1. Which of the residues spanning the stretch 141-179 are of a type outside the set (A, V, I, L, M), assigned to a strand (DSSP E or B) and touching a Lys or Arg at 6+ places or on another chain (Cβ under 6 Å)?
2. Within the stretch 180-213, take every residue that is at positive phi and assigned to a loop (DSSP other than H, G, I, E, B) and give me the one that is modelled with the highest pLDDT.
3. Does residue 187 fit the bill of being open to solvent by 10 Å² or more (accessible area, probe 1.4 Å) and among the charged types (D, E, K, R)?
4. Specify which of the listed residues (235, 279) is modelled with pLDDT under 95, open to solvent by 10 Å² or more (accessible area, probe 1.4 Å) and not in a helix (DSSP H, G or I).
5. Out of 172, 152, 163, I need the residue that is among the basic types (Lys, Arg), within 16 Å of the chain's Cα centre (by Cα) and more than 20 Å from residue 122 (Cβ to Cβ). Which one?
6. Only residues in the stretch 213-227 that are closer than 18 Å to residue 186 by Cβ count as the first member; pair them with residues that are surrounded by fewer than 23 Cβ atoms within 10 Å (Cβ to Cβ) and of a type in the set (Lys, Arg), Cβ under 7 angstrom, at least 6 apart or cross-chain, and list the lot.
7. Residues in the stretch 238-259 that are surrounded by 24 or more Cβ atoms within 10 Å (Cβ to Cβ), on the phi < 0 side of the Ramachandran plot and of a type outside the set (Val, Ile, Thr): how many?
Amino acid sequence: MTRRYVALRAYGCAAAGLFFMAGTAGCTADGTAKGGATSRAPATSPAPSASTAVPSASATAPSAVSLVPELDESKQPKTAAEARELLARILITEDAFGPDVVRGAPFESSSGRWPVLDERCVWQTADLPPDVLATNTRYFLIPAGNGHGRVRLNATVTIHHDRGESGWETARAMEEVLRCPDQKLREGEDLKGLLGNAVYQGEQMNNWSEDAFSEMGKYVSDTDGGPHTYFWYQAQFGPVTVAITGKGAEGFKTETLTQLVVQGNSRMLAQAKQALGKAAG
């Protein structure tokens, strides 16, 4: 049984059945999720219908060959300063997306703060929890034009002490969708009808990440209108999680948004593997 299924049981087998197919662990074994606030970097600053496919890197990677190197634990950061140095090596700039993407304003999140989804399904900020050494989010956009509205993209990297803690971050992300399919990012910004899918390494052709999580729904904003397509795509390697958020716009193709989300995530995951993976012998 994976940690993901243990975490899901807190919300009942009926809820878990909405998101998992054959092979889901049963609901009779005992187990509880690791302690800690339900939190991750949210898509503050759009989402397909339930029938729209969740973005997946498996479409471009052969399932027979693993793309996950062995983790070199000696390279894992031990202090917050070391984690910030690693984070800077993994986070992408607008060049990772292509010429149409520019930096948002602000460009980066405040250091030392951590988003938490409260009991009312409203995102708040708090101090970093003990299991997070460093985290940062960068904000990008595609300006309105060429027949479409403004598109928003966020890139988040979080560094934990070890892969156990980063794995629980992914599990809690799935919990949040089950607990709060509708979420308020801030006043005038909401996510609606969220669905999630978590795929452990070796499951459903996941050969690129130790754990992957996809979230999709609709984004509604007083500023940007909507509902628009919303994607959240997160992947894990060792103590690192990388995530890209995409918020679509009127006239902007869902397929193009999906490509940008997967492209940005793949770049950061590759940089995490390069920084922490063992060199091929």
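1. 152
2. Going through the qualifying residues, I end up with 188.
3. Taking the combined requirement at face value, the residue satisfies it.
4. 279
5. 163
6. 217/192; 218/192; 220/192; 224/150; 226/218; 227/192; 227/218
7. Of the residues in that region, 6 qualify.
One line per residue, one yes/no per condition, for (1) more than 12 Å from residue 138 (Cα to Cα); (2) within 20 Å of the chain's Cα centre (by Cα); (3) among the aromatic types (Phe, Trp, Tyr):
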site: 68; (1), (2), (3): yes, yes, no
site: 71; (1), (2), (3): yes, no, no
site: 81; (1), (2), (3): yes, no, no
site: 84; (1), (2), (3): yes, yes, no
site: 96; (1), (2), (3): yes, yes, no
site: 103; (1), (2), (3): no, yes, no
site: 107; (1), (2), (3): no, yes, yes
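The values are calculated or read from the model by the stated rules, or taken from the named source; none is laboratory data. As the structure is a prediction and not an experimental result, all values here were calculated from the model. Virtual Cβ from ideal backbone geometry, glycine too; neighbours counted across all protein chains shown. For accessibility, only protein heavy atoms count, side chains too; no ligands or nucleic acids. Shrake-Rupley method; radii C 1.70, N 1.55, O 1.52, S 1.80 Å.
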